[in-house]
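The structure appears below as C-alpha cells.
The values are calculated or read from the model by the stated rules, or taken from the named source; none is laboratory data. A quick note: this is a predicted structure, and the numbers were derived from the prediction, not measured. With ideal geometry, Cβ positions are generated from the backbone for all residues, glycine too; neighbour counts draw on all protein chains shown.
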Amino acid sequence: MRALVIAGLALFWIGQSNVAQTNNCIVCHSEIRVDYLESAHAPAGVTCVDCHGGDPATLDYRAAHAGSTTPTRAQIPQLCASCHADPVKMKPYGLRTDQYAEYLTSGHGKAFAAGDLNAAICTDCHTSHRVMSRFEPRSSVHPQHLAQTCARCHADSELMKPYGLSTDIVDNFRQGVHGTALQNGNPRAPTCATCHGLHGSTLLQPEDIVTVCGTCHIAERQYFDKSVHRSKTNSAEFQGCAACHGDHRILSAQSSLFESVCTQCHSNGTSAHALGEKLKTLLTEVQRALHEAELVLQQAEGMAFDVSGYRSRLHEAQTHFLQARAAQHVLDEAQLVELTRRAQAIANDIRGEAHSLQTAVQIRWLGLTLVWGYLVLVLIVLSLYRQAYRRERSL
Amino acid sequence: MKEHERETISDRRGFLGKLLGGALGLGLLGVLGAVVAYILPPHRRFVAPVRRRQRVAHAREIPLGKGKQVLFGGEPVWVLHLREGLIALSARCTHQGCLVQWDEQRGTFACPCHGGRFDAHGNVLAGLPTRPLPQLRAEMIQDEIYLAPREDR
Amino acid sequence: MTPLRKLQELIQAEFRHPVPAHVGRWHLVGGWLLFLVALQILSGILLMIYYRPSPDEAYESVRYVMNDVRLGWLVRGMHYWGAHLLIVVLLLHLVRVYFFTAYRERELNWAIGLLLFLGVGAFAFTGMLLPWDQQAYWNADAVRNALEHVPMVGKIILELLWGGHELETGALLRFYIFHVGLLPWLLGMLIAAHLYLVNRQGLYTPSPFQGEGQGEGQSPASSRTYYDMLLEGLFLALVTFGGLLTLAVLFTPTLGESIDLLRPSPVQVSWYFWPVVGLFRLVSVELGVWLVGLGFVGLFLVPLLRVRWMALGLGALAVLGVLVLTVLGYLTQGGPR
C-alpha cells in the first residue's frame, strides 16, 4: 500500500517535471529522490540510468538492476565529460563545454591523470546527485558556499599531507577582506575560484599573481606594472602583490605596511627605504589634511553655515587622495607629490574656510557686542529716568 | 527752593525721557531693519527636494558624444549627450566615492582611483564597484538642459 | 509739548496710581511672560515666511532658513531660546502665584492660568516637531505610542491630533496648523481673559496686609506707582531681549539629521518633559498617564486649600517631587521606553 502511494507520488512528480521517460529508480532509492529532483539534471531530463544504467521502466528488482553500475572515481570525470564536453549536447542549455579540458590542466586533473584517486573529481565539488547551478543559493558551488566546499579537502590535514599543502588557507581567506566582503553579500567579492580558476584550479605562479589580482584591482596593477618591482616578480622571492599584502588572509592596506613589510627587503639607510618613508609621509599627511577639512565642514554645519559647495570639492580631494594611494605602487615620488599636492590644495582651501568661518563668527560676536553696548546705554538712561521720576514724585 | 529743585528735576526727567524715547525708537528701527533684511528673499531660492529641477547647461555646451560634469544640488553629476538622448548619472563611483571620468573614445566611465569602469548607462563593466551609478532625469527644454531626481529610485 | 512727551504724560497719567505695598519685583513675572509671548509671536510669524509644512519640504526649508536667509539663524535662535525661557518664566509665575497663595478667591483665573500652562506645553511639543528631523519624527512616534496607552481618550486624541495612526499622512501639517493656527487664537483669548480678570479682581493681597488698607484687597499704598513697574518691566524686557540674542549667537540651535524611517533615533525629551518621563519610568506608562492627569486636575482644585501652611507644605512637597522626577527623567531618558 505504502509503496503504491509513493509510486503514485513519484509518478505525479514525474508528470509535473519534464521527464519524458518513466523513472522508477527513485521509487525505491527514495534517499536520493529529493537530491535528484532538486538537481539541475532532473528538469533537463537526465535520469539515473544515464549514469548508472539499468531499466527505469520496471519495478522488478532484478530487471531494474540488470547492467547497472556505480561509476568509480576513476570513471566519473570521463562520464560527466561524455555530455558536458559535447558542444552539440550542451548547446540548448547554453552551457560551456570546456570544463573537462580545463580540468585536465588543473592541479586536480593532473594528479588524477597521474592515477591519484584522491585528487578531486567533478562530484567532490558538485556532489553526486544534488548537482545544482552555481547561481542556486543552495548549491555547493555557489560563491557563498564555495570556500566551504574547497575546505572539505583543503582543511583536511590527512588528505593534504602527501601534497604538502597548508590546511589553514580557507580560514585565512575568511578573515581577509575578500572573505569578509563575500560574507557581507558583495556580489563581486572573489571566492577561491576567482583567483585559482574554476575547473582549471591550480596554484598561482608568481608571475601570474599580479595579473590575477589586477583583473579587479585594475588601477593598482597598471601602476605596479610601471614600477621597478614588476621586473622582480618572475622570481620566487618576490611574489608580486602577495609579497606585501599576503595571500589568503589579505587585510585592508594600512600605512603600517611601510614599516612591517618594506623593511624586510629594504634596510634602513638605503635609497629605497628613504623613498618608502617619503611616500608614507606624503600619504599620511594628506589623509590628515582631509580629515581636518572634514572636521571643519562639520563644525561649520554645526554653526548653521552652508558648506554644500565645499562638500563637492572634498569629493574631488578624496578622489586625488585615493588615486594617490593606488599610484604609490609605481614608486614614483614625483607623481605622488603631484597627486597629493592636488588633494592637499583643496584640503587647505577648505581649512582656509575655517578662517572665513571665524570671520563670520566674529561678525556675529561684533554684532552682539554692539547690541549689548546699545542695551547698556539704554538701560543706564532708563535707570536715570526712573530715578528722576521717583525724585520728582517724592518732592 | 523746592520749586526750583522740582523744576530742575522735571527738566532733567524731560531730557532723559526724550533720550530714552529716541534710543528706544532707534532700537526699534534697528529691529525693523533686521526684519526687513530677513524678509527680503535670499539669493538662493528655496527648492523642494522632491520637486527640485535645475538648469545645468545649455545644449551647445554638450555636443553629441560629449559629456559635462555639473553640480546638482551640490552633488557632482555627469550629463551625457548620446545618440539615444541625454543621460544623467551621479559622478561618484559606487566603490569609494571617487569622481569618475567620461572616456569619449571608449564610451565608458573610468574611475581614476581603482580603475573601475561603467558603461554610459551606469552599469558596472569592470573593477571593484558592485552597484551601478545612480541615474537622474535629464531633459532638454528649449535648448536648456535640466536635471531632476528620478522618482523610481 | 512734543507728541512724544504727550504720550509719556498720557502713559504716566494712566499709570500714576500707587501700587499696593506688598507688590514687589515678583509681580513683574506676569508682564515678563507677556513680553516673551509677544516676542514668540513676532519671531514665529517671521519663521512662517520660509517654513513649509510638508514632510518632503519641512526639513529643507528649516535648513534654508538657517543657511540662506539673512539672519535666519538668529530669528530661529530667538524663537528657540524664547520658547525655553517662556517655559522657565511660566513655571516661575506658577510657583510665584502658588506660594503667594495669590489664587485665593481667583479660582477662575487660576483655572485659566492652568489652561494657559497646558497650551504652552502644546506649543512646545508641536513646535519641537516642526523641523521634522530624526529627533522630531521619533519623538512624535514615541508620543504616539504613549498616547495609545491613554485609556479611552487616547485613540480619539490620536485621530484628532495625529490624523490617524500613520505619521506620514498629514501629521506634520496638523502639528503646524495647531502651532500657528489654533493654539495662538486659543491662547490669545485665554490671555485676554486672564488679564481682564487680573484687572477686574485686582491684585491679591496677602493676609498680613488684609484689613490694614481701606477695604478688601487693598493694602497700604507704597511709594511705587504702576509707572515704576512699567519702567522696571521695560528694563527686564530689554535685558531679556539681549539675553535671548546672546543665547542665539552663542548656542545657535542646529538642525538634527534628516529623517531615516528605518533607523529609530533614541528619543531625546526636552527638559520640561523630564518629570513626566521620570514618572513613566517610576511607575508604568499607563499609570503615569493617569497620575499626570490626576495631578493636573488636582492643580485646578488648589483654590479649595484654605489653610495657608497646608498649601505651602503641599506646594513644597510637589516642587520637591517634580524636581526628583526631573532628575530621574534626565537620568533615564536614553533608556528603553
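Conditions (1) more than 13 Å from every other protein chain (Cβ to nearest Cβ); (2) touching a residue at least 60 places away in the same chain (Cβ under 8 Å); (3) under 22 Å from B:Ala59 (Cα atoms), marked per residue:
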| site | (1), (2), (3) |
| --- | --- |
| B:His114 | no, no, no |
| B:Val124 | no, no, no |
| B:Thr130 | no, no, no |
| B:Leu133 | yes, no, no |
| B:Tyr146 | yes, yes, yes |
(request) Output yes when any residue across segment A:273-281 is out of contact with any His (no Cβ under 9 Å at 6 or more places or on another chain), within 14 Å of chain B (Cβ to nearest Cβ) and at pLDDT 90 or above, and no when none is. (result) no
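Please go through segment B:78-100 and give me each residue that is among the small types (Gly, Ala, Ser), more than 13 Å from every other protein chain (Cβ to nearest Cβ) and surrounded by 22 or more Cβ atoms within 10 Å (Cβ to Cβ), ordered by number.
To start, the set of residues in segment B:78-100 that are among the small types (Gly, Ala, Ser) comprises B:85, B:88, B:90-91, B:97.
Of the ones still in play, those that are also more than 13 Å from every other protein chain (Cβ to nearest Cβ) are B:85, B:88.
Hit for segment B:78-100 is B:Ala88, nothing else.
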(request) Pull up segment B:101-130, narrow it to residues that are closer than 21 Å to A:Val330 by Cα and small (Gly, Ala, Ser), then point me to the one that is surrounded by the most Cβ atoms within 10 Å (Cβ to Cβ). (result) B:Gly116
(message) Would you confirm, using the coordinates I've provided, whether C:Gly72 is within 20 Å of C:Leu250 (Cα to Cα), small (Gly, Ala, Ser) and free of Cβ contacts under 8 Å to residues at least 24 places away in the same chain?
(response) yes
(request) Keeping to segment C:65-87, report how many residues are in contact with a Phe, Trp or Tyr (Cβ under 7 Å, 6 or more places away or on another chain) and surrounded by 22 or more Cβ atoms within 10 Å (Cβ to Cβ). (result) 5
(request) Answer yes or no as to whether A:Arg325 is under 28 Å from B:Gly115 (Cβ atoms) and crowded, with 16+ Cβ neighbours inside 10 Å. (result) yes
(request) Select from segment C:28-67 the residues that are in a helix (DSSP H, G or I) and of a type in the set (Gly, Ala, Ser) and write down the one among them that is farthest from the chain's Cα centre (by Cα). (result) C:Ser61
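Kindly state which helices (runs of 4 or more DSSP H) lie completely within segment C:225-308 and contain at least 2 residues that are within 24 Å of C:Trp138 (Cβ to Cβ).
Fully inside segment C:225-308 and qualifying: C:274-282, C:285-300.
Filter the helices (runs of 4 or more DSSP H) completely within segment A:212-331 down to those with at least 1 residues that are without any contact (Cβ under 8 Å) to a residue 60 or more places away in the chain and within 30 Å of A:Gly200 (Cα to Cα). Explain how you work it out, then say what you get.
On the way: elements: A:218-225, A:241-245, A:271-302, A:308-327.
Here the list reads A:218-225, A:241-245.
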(request) State whether one or more residues within segment A:1-8 are more than 20 Å from A:Thr69 (Cα to Cα), of a type in the set (Val, Ile, Thr) and either modelled with pLDDT of 90 or more or in contact with a helix residue (DSSP H, G or I) (Cβ under 8 Å, 6 or more places away or on another chain) (or both). (result) yes
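Kindly indicate the residue of segment A:178-211 that is in contact (Cβ under 8 Å) with a residue 60 or more places away in the chain and of a type in the set (A, V, I, L, M, F, W, C) and also nearest to A:Gly107 (Cα to Cα) among those meeting that condition. Walk me through it before giving the result.
Within segment A:178-211, the subset in contact (Cβ under 8 Å) with a residue 60 or more places away in the chain is A:178, A:197-203.
Next cut, of a type in the set (A, V, I, L, M, F, W, C) only: A:198, A:203.
Values: A:Leu198: 11, A:Leu203: 7 Å.
It comes out as A:Leu203.
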(request) Please work out which one of (1) farther than 28 Å from B:Arg44 by Cβ; (2) in contact with a Pro (Cβ under 8 Å, 6 or more places away or on another chain) is the condition C:Val23 fails and give its number. (result) (2)
(request) Kindly provide the set of residues from segment A:292-348 that are within 11 Å of chain B (Cβ to nearest Cβ), out of contact with any strand residue (DSSP E or B) (no Cβ under 8 Å at 6 or more places or on another chain) and among the β-branched types (Val, Ile, Thr), ordered by number. (result) A:Val307
(request) Would you point out which residue out of B:Arg83, B:Arg92 is within 28 Å of A:Arg342 (Cα to Cα), of a type in the set (Lys, Arg) and either touching a helix residue (DSSP H, G or I) at 6+ places or on another chain (Cβ under 8 Å) or without any contact (Cβ under 8 Å) to a residue 40 or more places away in the chain (or both)? (result) B:Arg92
(message) Looking at the structure I just gave you, is C:Thr126 within 21 Å of the chain's Cα centre (by Cα), of a type in the set (Val, Ile, Thr) and closer than 22 Å to C:Ser258 by Cα?
(response) yes
(message) Can you find, within segment A:352-395, the residue that is farthest from the other protein chains (Cβ to nearest Cβ) among those that are within 26 Å of B:Glu3 (Cβ to Cβ) and among the aromatic types (Phe, Trp, Tyr)?
(response) A:Tyr389
